[in-house]
Amino acid sequence: MLAMVEGGVDAIEVGVPYSDPGMDGPVIQVAVDAALRGGSRVAHVFDAVREVSPRVPTVVMGYWNPMEKYGPARFAVDLKAAGGSGAITPDLIPEEAQPWVDAAYAQELAPVFLVAPSSTDERIATVGRTNRGFVYATAVMGVTGARSAVGSRAEELVARVRAQTDLPVGVGLGISNGEQAAQVAGFADAVIVGAALVAALRDGGPARVRQLTEDLAAGVRR
Amino acid sequence: MTLPDATGHFGPYGGRFVPEALVAALDELGEAHRTSQQDPDFVAELDRLLTTYAGRPTPLTDARRLSEHVGGARVLLKREDLAHTGSHKINNVLGQALLTKRMGKKRVIAETGAGQHGVATATAAALFGFDCTVYMGEEDTRRQALNVARMRLLGAEVVPVSTGTKTLKDATNEAFRDWVANVETTHYAIGSVVGPHPFPAMVRDFQRIIGVEARQQCLDLVGRLPDAVVACVGGGSNAMGIFHAFLPDADVALIGCEAGGDGVDTGRHAAPLTAGSPGVLHGARSYLMQDEDGQTQTTTSISAGLDYPGVGPEHAYLRDSGRAHYRGVTDADAMAALEVLAKKEGILCAIESAHAVAGAFQWLSEQAESSDRVVVVSCSGRGDKDVDTAARWFGLVTAEEVAEAELVRAHEGEQP
């Protein structure tokens, strides 16, 4: 994560390892399996947040069952204390999220729900009203992992989000290099990259992560 | 009050814990299911398929030698093993295949544990001309190699899943990932009363014919309702299917038998209702086997079809309300029951179903006076797929014979 900070990242998303990551492709699945086998616990995410949040804003990315088991209120208190800004919840939709939204608001944390190309305008409006911080728009229909091209529907989705809310819009899923980052930055407020950075860490350690971050950051600022 | 409510909740259970990308497809499916139930053409077409293709109604067999064995109580077997493809799974799959067609989709995907649901889905896909992909844990493809071959013969692609625990839970994750990416052309035919709304209610509706038939057949045969209805519970579709018509009959005990593995007190089992806690897995809130961090725990069962850490949300609701009772049945008790049923009735049931037979024996032994009792047992599937497992369990073949047979098979494979 420090390599990412050095590489010019604007904010960091810290994932909580979960045994059944239904929104993640093979790269993150393998990483999560390794983390859990290595003894990673839910509470460790707060240590990671504490480490980097003085340098850049951090949000947690967590599947719902570990967060619920930890206790939504307790999770929010501990995340706030660690210096976190909010949490992205990929398998939680606003309809099922009242306990988490209440807990997050109480700590002035940002609950971040996702919108997808298949979302209706009505649902996008609900997410826009419920979220704080930003709206996470998934560039494609699918799971995490690098793709050769950014979906053409991403731009259209961002426009639909802007019609419903003034919150900034971040686009993620499939973005893996500076070229794609530049393209997405042309219509979105933020570019979200996950699996490509995990793969970089796997293949080349922190040096490779720093290199990729520099490439992505340069792309965004092109 | 009918359950679930409009948002798919059975009390605190059920709901939708899914990526936003799937919500539109779940809404579309719910709407297709709702309107199809009121469409006489749809209902007639499903009825025609169930009758002329799946072989319904399945019989209720008066198991007389088994009754003698248990001291006189009347044991009636609901013979889902006689349905086409060898289990109750076909009831659900034919309904979902018709819905797939109704929604204009051309591809179905499925997860499978023992392979029964995969075979049923591959069968329906062949019948309807759909492309079909079945996800199956790598461990299960080994345990149930015969069913892998059946699916491939039927034209389906079988994808072994090697992530996580390499069993049904991980096959389900993989099917969800496929669905998120291909949801506009693909229907995910979930095989049990699990998953996000509307699946638990929809699959129950397609399976409730088991109980509707069994209830009437019992009245016709015995002249009264049974004292108990017993079924095995993995995800819980055959149990929900046979229980549902009996829910208003308060005097009929409903007994669900989970996989007790090595024993519920050993921790090595697959019995979330008996020894788990509420949580969220695969799109719904229900009981599940999880550790203190909410990570899903590894399950243990001799039965691939019951080797699953979660369970349908309506079962969670029935457990809490006390309307149904759930117990763990060990591998050893299930296999003993499988042998008794084979030797007394000439019925070789699936290992999954053997858990229900064993549970019925246990329930009867707990009754003060059992000889005038009537018990309906869901014989949810046939045991052809399990002969290999059973042969090893009972030592019917020696280790040398198994090794030799595999050598011969491998050798035959080398011939041109």
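The values are calculated or read from the model by the stated rules, or taken from the named source; none is laboratory data. What you see is a predicted model, and the numbers here were worked out from it, not measured in a lab. Heads up, the Cβs are rebuilt from the backbone with ideal geometry, glycines too, and the neighbour counts pull from every protein chain shown. Remember, those area values only see protein heavy atoms, side chains included, never the ligands or the DNA or RNA. Shrake-Rupley method; radii C 1.70, N 1.55, O 1.52, S 1.80 Å.
Below are the figures for this structure:
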read-out: Cα Rg over Rh - chain A, Kirkwood; value: 0.93
read-out: Estimated inter-spin distance, B:E68 and A:R129, nm [label 7 Å along Cα→Cβ]; value: 7.0
read-out: The protein assembly as shown: antiparallel DSSP beta bridges as a percent of all, rounded to 5; value: 20
read-out: 10 Å Cβ shell holding at most 16 others, DSSP loop, chymotrypsin sites (Phe, Trp or Tyr not before Pro): longest site-free stretch of chain B; value: B:54-393
read-out: Amide N proximity, the stretch B:305-339 versus B:R268 label position 7 Å along Cα-to-Cβ, cut-off under 13 Å; value: B:331-332
read-out: 26 Å tail of the calculated P(r), the stretch B:160-277, as % of Cα pairs; value: 35
read-out: Mean-position separation - Cα centroids, the stretch B:198-263 and the stretch B:310-369, in angstrom; value: 12
read-out: Residue-by-residue Karplus 3J(HN,Hα) for the stretch B:310-325, coefficients 6.51, -1.76, 1.60, Hz, glycine and proline x; value: x, 6, x, x, 5, 5, 4, 5, 5, 5, 5, 6, x, 5, 10, 10
read-out: Positive-pole candidate from B:T35, B:G15, B:T52, dipole of the stretch B:1-119, charges at beta carbon; value: B:T52
read-out: Ellipsoid semi-axes in whole angstrom, largest first, where each is sqrt(5λ) of the Cα gyration tensor of chain B; value: 29, 27, 22
read-out: Fraction of accessible area attributable to carbon and sulfur, the stretch A:14-63 (%, probe 1.4 Å); value: 59
read-out: Charge dipole (debye, nearest 20) of chain B; +1 at Cβ of Lys and Arg, -1 at Cβ of Asp and Glu; value: 880
read-out: Test item: Cα-centred dipole of the protein assembly as shown, Lys/Arg +1 and Asp/Glu -1 on Cβ, debye; value: 580
read-out: Charge dipole (the stretch A:92-150, unit charges on Cβ, about Cα centre) - positive-most of A:T138, A:Q107, A:P94; value: A:T138
read-out: Separation of the A:E156 and B:E31 label points, Cα + 7 Å toward Cβ, nm; value: 1.8
read-out: Fraction of alpha-carbon pairs over 23 Å apart in the stretch B:33-141 - percent; value: 41
read-out: Cross-link table B:K106/B:K169; B:K166/B:K343; B:K106/B:K385; B:K89/B:K169; B:K169/B:K344, entries beyond 27 Å C-alpha to C-alpha; value: B:K166/B:K343; B:K106/B:K385; B:K169/B:K344
read-out: Relative contact order (percent, whole number), the stretch B:117-269, Cα cutoff 8 Å, 6+ residue spacing; value: 16
read-out: Inter-label distance, nm, simple model (7 Å from Cα along the C-beta direction), B:A6/B:V212; value: 2.6
read-out: Relative contact order of chain A, pairs being alpha-carbon contacts under 8 Å that are 6 or more residues apart, as %; value: 19
read-out: Candidates A:Y70, A:Y136, A:Y18, ranked by Gaussian network fluctuation over chain A, Cα under 10 Å, top entry; value: A:Y70
read-out: Dimensions (Å) - the protein assembly as shown, Cα atoms, principal axes, largest first; value: 81, 60, 47
read-out: For B:Y326, distant residues with modelled amide H under 5 Å away; value: B:G256
read-out: For the stretch B:329-392, the fraction of alpha-carbon pairs in successive 5 Å shells from zero, as %; value: 4, 19, 28, 25, 14, 6, 3, 1
read-out: Cα-derived Rg to Rh of the stretch B:273-357, Kirkwood definition; value: 1.04
